[in-house]
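Novice: Got a structure for you, written out below as structure tokens; questions coming shortly.
The values are calculated or read from the model by the stated rules, or taken from the named source; none is laboratory data. Here the structure is a predicted model, which means the values were calculated and not measured. Here the Cβ positions follow ideal geometry from the backbone for every residue, glycine too, while neighbour counts run over all protein chains shown. For the accessible areas, the whole protein counts, side chains as well, though only heavy atoms, and no ligand, DNA or RNA atoms are used. Shrake-Rupley method; radii C 1.70, N 1.55, O 1.52, S 1.80 Å.
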Amino acid sequence: MPSLVSDPGESLVPFSPQVGDPVVYPLHHGLKPPFARLSISWSRGNSLRVAFFKTPAAASASSDDETGGKVLEVKLAEGGGEIDEAQRRRIAYESVPVFAHLQMRRNSADSLSRMSYGSSSYRAEWWQHVMEYSKHISSILGAPKTSSSSVVEDPKTVVKLEEEPTCLKAAWDLMEIFYVDKQARAWLPERLVDWLADYDGLLSGPDSTIHSKLLSLQKELVNLQVIEDELKYWEAMSSALAVGWLDIVVKLLRLHGSYKLDQLGNRETENGLVEAVAVLVSTMPRMRPGLAAQKPGRCYGTKPDFFKAWEKWRGQMAKLDCSAFWVQCGHRPTREGLRNLLQVMLGNTSSLASATCHWLELCISHFLYVRHFTTSLEAIHSLAQKCMQLKPPSDSQWLTGLMFGILEENTEVVLAECSRVFGPWMVTHAIELLTADNVQADFLLHEERYNLGGISIEELHRIVYAQVLSSHALTWPIAPVYLASCPKQGFGLLEILLYRQPVQHDKTLLKNLEICRLYELDNISSCLKKITGMHHWKHGKKGSGVFWLQQAQDDVRLNRIAQQLFEFVGKSVSDDSFKQWEGLIELLGSEASTAGGLEFLHKYKDFKKSLQKVQDGKASDAARQAIEYLIQLMKSPSTPERFWLPLLHDSLNLLNWRERPLMNVSETNLLLSKLQELSLARLRPGFCDSHLPPQALSSVRLALATNLGRAILE
């Protein structure tokens, strides 16, 4: 995995050698000192795991509710604090099939592009795939929250209070607008209006936003008797109108006191002005394909139609602004508030600046009322810089760096901001958006770099994210998906990951084997089975060890196990040690091709069973069966020489069978020849003699000679 080195210039991940100011992280462990030991280690991602251990004496003397220690996790990464660990794991797991499906489509598209298909059709199809991928990821991050949607049931509710969206989803949707959604490029300003409506609440920090203004007004609406006398009421309306939240403006206007039944007769002129402004707001032309149901505004799909409607609408506003009814309006706050709304809709820059709080809100207000046809990134960037001069952002705002990286078409800045604020998950998945329709970004992120060990920036970020997943017990199983998409170093790191998983847990092992099957890693699968088999064998789980060695088809180790079993057999039929290993011999299998010594063990097991039946007083058929097994054992080349005499000694009752001889002449001569070979072998140095009585050899020879005579007479 990539790691830091002492020289920043040679590091895989560049870093600054300068040491900044130390950062203090408070630890709320809730334990009373003293502590015996303090352990600090890396946890998942950019987090530290800090463990406090108390002395045994202090732990026993402490109260019942205080344990002998505690483990805490300290997050060192910036941003992302709004998402807890469980939520991050959910996002990580649910994004895996979406990412894997896109990679499968990429592989298919690449194979087709190498054939006779044109690059234009390839780019068009790939853009559609990435758009579908982006929509799926956005849905995983959460449903959008529409800040400007009205609640009909409660007339005093201006903003619907739902689950707050996350900065992660806001950043993803922002990149989708600029990098992927081709259909929105003709009405890019309106897409930004919708984005701000969903995520304006996230911009709240040290500075207020229009969203926070509306929430503050909504809390006070219940206690306000004459709402039109309040300055906050008119300021909130002008702010909402500046960013295109027309439904909120119309709803707030309808809360005006002149709409009350007891006030209509006395405030007819005032109510007429309020209603005229409400109608103008409801009929505002919008350069977009459509609006949601019950949303005010009129949509136009072409520039000529929009421009014609816009000029007509502005003429109506100018006519109202010059009307004599303003003199007849006796309520000053209403008169000034309504005229300020008209100035906002007429595009008065000072009114727009005073109505907005954030530089992005000011920028979007210019899109709506001053620069309707702004679609190029250069023009948006120039306008954003001017708005930032009027409303400088605070240092804690995450949006500024990302937005300007997008507007400047600087892929490195966008990746750096995503990594700094949101971490490796965002970078790994957002690269697909950056390269969807940008040839320069595609070349930059897929170019193999010497200083990165021959891998690309895309592969580097995938490896880093896979390392983060691998460092946690709950997320390591999904790391292979990302490693498998790295053509240079992915499979090598995947092999390391699989070898580092504990083999004593069956579920983990089965997961490893399933991963090997999916990615056709047969050699790694075989090695894992061998490692598991030897682990179980050394820790006393003999049956499990033999099973996994058989699954790995490890003939060498199975033969060694068979040689070890030879030490526990062949002593006598009454020896309990054989019963201990009988089940293991059965598990080893009966095929001679599996291991050379296994054939002898299985035949010996069958011989022992038949011999036991004979000793238990069973019929002579069992005795004949035992003799057949004995002849097979003595004929088999897999039977070790040192077992010949124990086999014959255990068969003395069969050789001296009273009813009739159980072996014919040729079979008896075979056993006598084996006995003669054994007598000569005992004279050789290094012969391993069996633990039998000294007269065992003479007893067997006498029994064979007697059986030979009886067989000849038969």
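Novice: Of the residues in the stretch 642-668, how many are out of contact with any Leu (no Cβ under 8 Å at 6 or more places or on another chain), within 14 Å of Leu708 (Cα to Cα) and not basic (Lys, Arg)?
Specialist: Total meeting the criteria: 7.
Novice: Moving to a separate point now. Can you tell me how many residues within the stretch 404-432 are more than 19 Å from Val180 (Cβ to Cβ), open to solvent by 50 Å² or more (accessible area, probe 1.4 Å) and outside any helix (DSSP H, G or I)?
Specialist: So the answer is 0.
Novice: Which of the following residues is farther than 30 Å from Gln183 by Cα and surrounded by fewer than 20 Cβ atoms within 10 Å (Cβ to Cβ): Asp506, Asp442?
Specialist: Asp506
Novice: Could you list, in sequence order, all residues of the stretch 515-541 that are surrounded by 13 or more Cβ atoms within 10 Å (Cβ to Cβ), part of a helix (DSSP H, G or I) and out of contact with any Gly (no Cβ under 9 Å at 6 or more places or on another chain)?
Specialist: Ile515, Cys516, Ile524, Ser525, Ser526, Cys527, Leu528, Lys529, Lys530, Ile531
Novice: Residue check: is Glu459 at pLDDT 85 or above and in a loop (DSSP other than H, G, I, E, B)?
Specialist: Judged against the criteria, Glu459 is not a match.
Novice: Please go through the stretch 77-100 and give me each residue that is part of a helix (DSSP H, G or I), open to solvent by 50 Å² or more (accessible area, probe 1.4 Å) and either aliphatic (A, V, I, L, M) or modelled with pLDDT under 75 (or both), ordered by number.
Specialist: Across the stretch 77-100, the qualifying residue is only Ala86.
Novice: Could you tell me which residue of the stretch 542-570 is modelled with the lowest pLDDT, considering only residues that are buried (at least 17 other Cβ atoms within 10 Å of the Cβ) and not in a helix (DSSP H, G or I)?
Specialist: Checked the stretch 542-570; the qualifying residue modelled with the lowest pLDDT is Gly570.
Novice: Determine, yes or no, whether Lys295 is part of a loop (DSSP other than H, G, I, E, B) and of a type in the set (D, E, K, R).
Specialist: So Lys295 passes the test.
Novice: For the stretch 111-127, which residues satisfy the criterion of being open to solvent by less than 60 Å² (accessible area, probe 1.4 Å), modelled with pLDDT of 70 or more and in contact with a helix residue (DSSP H, G or I) (Cβ under 9 Å, 6 or more places away or on another chain)?
Specialist: Trp126, Trp127
Novice: So, restricting to helices (runs of 4 or more DSSP H) that lie completely within the stretch 609-659, which ones have at least 2 residues that are open to solvent by 80 Å² or more (accessible area, probe 1.4 Å) and either out of contact with any Pro (no Cβ under 6 Å at 6 or more places or on another chain) or not aromatic (Phe, Trp, Tyr) (or both)?
Specialist: By residue number, 620-635.
Novice: A further question follows. Need the failing condition index for Cys486 against (1) open to solvent by 30 Å² or more (accessible area, probe 1.4 Å); (2) outside any helix (DSSP H, G or I), just the number.
Specialist: Against the list (1) open to solvent by 30 Å² or more (accessible area, probe 1.4 Å); (2) outside any helix (DSSP H, G or I), Cys486 comes up short only on (1).
Novice: Let me ask something else. Any residue in the stretch 268-281 that is free of Cβ contacts under 8 Å to residues at least 60 places away in the same chain sitting within a Cβ distance under 6 Å of a residue that is in a helix (DSSP H, G or I)? List the pairs, counting only those 6 or more apart or interchain.
Specialist: Pairs that qualify, where the first residue is free of Cβ contacts under 8 Å to residues at least 60 places away in the same chain and the partner is in a helix (DSSP H, G or I), are Asn271/Ser258; Ala276/Leu320; Ala278/Val250; Ala278/Leu253.
Novice: Would it be correct to say that Glu235 is closer than 24 Å to Pro333 by Cα and surrounded by fewer than 16 Cβ atoms within 10 Å (Cβ to Cβ)?
Specialist: So Glu235 does not fit the description; no.
Novice: Moving to a separate point now. Please enumerate the residues belonging to the stretch 678-701 that are modelled with pLDDT of 70 or more and closer than 14 Å to His649 by Cα.
Specialist: Leu678, Leu692, Pro693, Pro694, Gln695, Ala696, Leu697, Ser698, Ser699, Val700, Arg701, listed by residue number.
Novice: Can you tell me which residues in the stretch 300-327 are open to solvent by less than 50 Å² (accessible area, probe 1.4 Å) and not in a helix (DSSP H, G or I)?
Specialist: Ser323
Novice: Which members of the stretch 270-299 meet the condition of being surrounded by fewer than 16 Cβ atoms within 10 Å (Cβ to Cβ) and of a type in the set (S, T, N, Q)?
Specialist: Thr283, Gln294, listed by residue number.
Novice: Go through the stretch 531-548 residue by residue and tally those that are aliphatic (A, V, I, L, M) and over 16 Å from Asn512 (Cα atoms).
Specialist: Residues meeting the conditions: 2.
Novice: Could you check, for the stretch 461-471, whether at least one of its residues is surrounded by fewer than 21 Cβ atoms within 10 Å (Cβ to Cβ) and charged (D, E, K, R)?
Specialist: Among the residues of the stretch 461-471, not one is surrounded by fewer than 21 Cβ atoms within 10 Å (Cβ to Cβ) and charged (D, E, K, R), which makes the answer no.
Novice: Kindly provide the set of residues from the stretch 282-292 that are touching a residue at least 12 places away in the same chain (Cβ under 8 Å) and in a loop (DSSP other than H, G, I, E, B), ordered by number.
Specialist: If the condition is that a residue be touching a residue at least 12 places away in the same chain (Cβ under 8 Å) and in a loop (DSSP other than H, G, I, E, B), then Thr283, Met284, Arg288, Pro289 are the ones that fit.
Yes/no matrix, rows are residues, columns are (1) touching a Pro at 6+ places or on another chain (Cβ under 8 Å); (2) assigned to a helix (DSSP H, G or I):
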{"residue": "Met237", "(1), (2)": "no, yes"}
{"residue": "Gly244", "(1), (2)": "no, no"}
{"residue": "Asp247", "(1), (2)": "yes, yes"}
{"residue": "Leu252", "(1), (2)": "no, yes"}
{"residue": "Asn266", "(1), (2)": "no, no"}
{"residue": "Thr269", "(1), (2)": "no, yes"}
{"residue": "Gly272", "(1), (2)": "no, yes"}
{"residue": "Val277", "(1), (2)": "no, yes"}
